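Encoded as structure tokens, the structure appears first; notes follow it.
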């Protein structure tokens, strides 16, 4: 049984709809990547922000579902709603599932409420503590669509959005759902910026994946949604592999054993040899340990495959990163000009890392299968293969 991607919608630093994201991704330009101290008072950091988005009103929702994170999701939902409605016609609401990845949910709304409390001695009437619940995004979309199938969120840090896609594909594969809305949403907050700053993982400028000068990540935000079903479409979820290092709370196993297992399983499930992969989207955080581990794994398992990290264009979008970068693979597979996303960096090769065929700006290649890697805190790993 095959799982196809019937529609996609997204907002991120590259743009607020699929055409804008497509154009900016392949051009290597990102209107939402710039330095700001909005989330780090007195210290400017480069962040990947959703800018100039006309986010939908939340006034029709119960108070507990009103958050900026959910507004981003509703904006992404509007982009796929026509295709969803057509596909869902005649399908039982119990056979439609919602599976999303997130790590922030509505925490930024909680931050604003606490700031108001400090100033005025009371929480604002617009705040409900349930806005911060990790399950809120899935509850929102299920309610908005009126569906009653499984609806839940996965929160496994940077793998969350990709794991939501794999979980949705499993439901379809095993006949437990006919349609799945899968993806992820994470919005910027003081909490995440301060947290990554506290462990010295935030770059002082634009991140430099694979470079000898890499010094950490840029954080970002995004909302991404896919409509998955058995209905034939241009791209299918061909395979996935999941593993856990059980090595360290934040650092990956240096030998890459968990990442190797995830990539190997994904290729096996897809029934593809490494040579069939035409593009690899790297997790590519630009942290010293991630890049050292991942470059080793990719060089060994995907030799010669054109690769790039797109995080200098979007920031690291945490719980939505895996779904966003799977979207980029979908864009590669559906691009009529056969363009590949460029790897933006200073070009200073780290002599300690294997040399990868990093995509240069303007590279074209006809691709029939692509892989996206996501590696998270706790040694949580996933690789997703999309194919035509």
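Numerical summary
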quantity	calculated
Selection status of residue 103, part of a loop (DSSP other than H, G, I, E, B) and in contact (Cβ under 8 Å) with a residue 60 or more places away in the chain	yes
Per-region count, the range 354-388, residues within 24 Å of residue 265 (Cβ to Cβ) and in contact (Cβ under 8 Å) with a residue 60 or more places away in the chain	23
All positions within the range 319-371 that are touching a strand residue (DSSP E or B) at 6+ places or on another chain (Cβ under 7 Å), assigned to a loop (DSSP other than H, G, I, E, B) and closer than 30 Å to residue 102 by Cβ	340, 341, 342, 343, 345, 359, 367
Failed condition for residue 257, given (1) without any contact (Cβ under 8 Å) to a residue 40 or more places away in the chain; (2) surrounded by fewer than 16 Cβ atoms within 10 Å (Cβ to Cβ)	(2)
From the options 318, 301, 324, residue that is within 30 Å of residue 199 (Cβ to Cβ), surrounded by fewer than 24 Cβ atoms within 10 Å (Cβ to Cβ) and touching a residue at least 12 places away in the same chain (Cβ under 8 Å)	301
All positions within the range 306-318 that are on the phi < 0 side of the Ramachandran plot and assigned to a helix (DSSP H, G or I)	311, 312, 313, 314
Any hit, the range 108-125, residues being touching a residue at least 60 places away in the same chain (Cβ under 8 Å) and either loosely packed, with under 15 Cβ neighbours inside 10 Å or closer than 20 Å to residue 322 by Cα (or both)	no
Any pair with Cβ under 6 angstrom, 6 or more apart, that starts in the range 137-151 at a residue that is closer than 14 Å to residue 100 by Cα and ends at one that is in a loop (DSSP other than H, G, I, E, B)	137/102; 149/177
Test: residue in the range 197-211 that is at pLDDT 95 or above, buried (at least 22 other Cβ atoms within 10 Å of the Cβ) and within 17 Å of residue 70 (Cα to Cα)	no
Criterion violated by residue 11 - all others in (1) assigned to a helix (DSSP H, G or I); (2) touching a residue at least 12 places away in the same chain (Cβ under 8 Å) satisfied	(1)
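The rows are residues; the columns are (1) assigned to a strand (DSSP E or B); (2) in contact with a helix residue (DSSP H, G or I) (Cβ under 9 Å, 6 or more places away or on another chain); (3) touching a residue at least 40 places away in the same chain (Cβ under 8 Å).
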{"site": "21", "(1), (2), (3)": "no, yes, yes"}
{"site": "24", "(1), (2), (3)": "no, yes, yes"}
{"site": "40", "(1), (2), (3)": "no, yes, yes"}
{"site": "55", "(1), (2), (3)": "no, yes, no"}
{"site": "59", "(1), (2), (3)": "no, no, no"}
{"site": "70", "(1), (2), (3)": "no, yes, yes"}
{"site": "75", "(1), (2), (3)": "no, no, yes"}
{"site": "91", "(1), (2), (3)": "no, no, yes"}
{"site": "97", "(1), (2), (3)": "yes, yes, yes"}
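So that you can scan it fast, the table gives a plain yes or no per residue for (1) in a strand (DSSP E or B); (2) over 25 Å from residue 20 (Cβ atoms):
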| site | (1), (2) |
| --- | --- |
| 149 | no, yes |
| 159 | no, yes |
| 169 | no, yes |
| 172 | no, yes |
| 181 | yes, no |
| 192 | no, no |
| 215 | no, yes |
| 223 | yes, no |
| 232 | no, yes |
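The values are calculated or read from the model by the stated rules, or taken from the named source; none is laboratory data. Remember, predicted model here, so these are calculated numbers, not experimental data. Please note: Cβ atoms are built from the backbone with ideal geometry, for glycine as well, and neighbour counts cover all protein chains shown.
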